[in-house]
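Values quoted throughout were computed directly from the atomic coordinates according to the rules given, and no laboratory measurement underlies them. All values reported here derive from a predicted model rather than from experimental measurement.
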Amino acid sequence: MTHVAPSASFPRMATGDENPSPKKKPIWIGEMELEDIPKVFELGEELFTADRWPTLYRTWNQYDLIERFASDGEFCLIAEDENDQLIGFAIGTVIIKRASAWDYGHLLWLGVRPGLAGKGIGKRLVAKLTDLFIEGGARMMIVDTDSENEGALRFFRASGFGQETEHIYLYKNLTSHPKYEKKMAEERAARPRRRAPSGVPRVPTATVPPEAPLVAVEKDDA
Ligand SMILES: CC(C)(COP(=O)(O)OP(=O)(O)OC[C@H]1O[C@@H](n2cnc3c(N)ncnc32)[C@H](O)[C@@H]1OP(=O)(O)O)[C@@H](O)C(=O)NCCC(=O)NCCS
């Protein structure tokens with residue numbers, strides 16, 4: 001991953017939500033910048049954990065975040081406190097349907113730092129993103145989350161979302177698939193052989209890191 005250092009010639013983009021006076025608002029909502037990506041990723045890692053919401057955990061990754069920032073930067077927002085510390089983010093996209101009069105604003109990811117929930121930060125992020133979606137031509141907004149994510153569901157309902165429909169994720173563990181086993185065997189064969197020092201017993205190495213159970217059926221709103 002290429003890292004570009006922030007520079008003075010790369011100022012924060014104004015979103016119209018800033019305080020016009022020199023005194024900064026306690027909470028600042030604005031466009032995400034390149035240097036924010038690692039902090040946003042870390043906060044997402046804190047929020048979307050395998051034990052709580054496996055689907056959110058599996059689909060939250062830094063490469064997707066970078067791609068989203070590159071393709072939909074105007075719909076990537078952050079919230080910062082008065083000390084410029086990241087306290088929340090909202091990431092979305094506008095889905096344009098060529099054959100339809102309906103374009104959709106999809107809120108893909110939303111997160112508020114644990115400990116700061118219930119202070120209206122999520123609400124402000126969603127309100128700002130909603131404005132941007134409307135400016136981008138959206139006529140309907142879509143949100144989704146794990147069906148077990150009761151807090152987020154209550155938040156979305158309180159924010160005016162409804163018409164709930166179910167979307168089901170199914171998983172299949174591919175590590176016993178013949179193609180996967182063949183690939184692993186080829187990779188093992190290609191690896192340079194290291195000799196264990198004499199007297200030290202060989203310890204087998206796991207090919208797949210431990211993770212939440214893979215064979216599971218979960219429901220998710222789409
Ligand atoms: C869901 C989340 C984004 C809400 O953000 P927040 O800053 O705590 O929410 P707000 O303070 O702006 O609350 C807005 C409204 O939702 C309600 N609300 C928020 N969280 C709630 C909860 N857990 N239970 C009940 N109501 C809740 C608030 O009461 C408030 O209602 P009001 O406008 O009538 O006062 C935040 O809790 C979070 O980051 N959760 C973990 C990540 C996540 O689930 N993301 C969403 C799916 S990707």
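Structure data summary
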item	result
Spatially proximal aspartates and glutamates relative to LYS179 (Cα-Cα < 18 Å; intrachain offsets below 8 disregarded)	GLU187
The stretch 24-144 - Rg over Rh from alpha carbon coordinates, Kirkwood radius	0.97
Amide H contacts under 5 Å for GLY88, placed H, 5+ residues apart	ALA79, ARG113
J(HN,Hα) series, the stretch 140-149, from Karplus relation 6.51 cos²θ - 1.76 cosθ + 1.60, nearest Hz, glycine and proline x	9, 10, 10, 10, 8, 7, 4, 5, 8, 7
Entries in LYS97/LYS119; LYS39/LYS119; LYS39/LYS123 that, when Cα-Cα distance is taken, lie over 26 Å	LYS97/LYS119
Mean separation of Cα contacts under 8 Å, 6 or more apart, over the residue count of the stretch 73-172: relative contact order %	24 percent
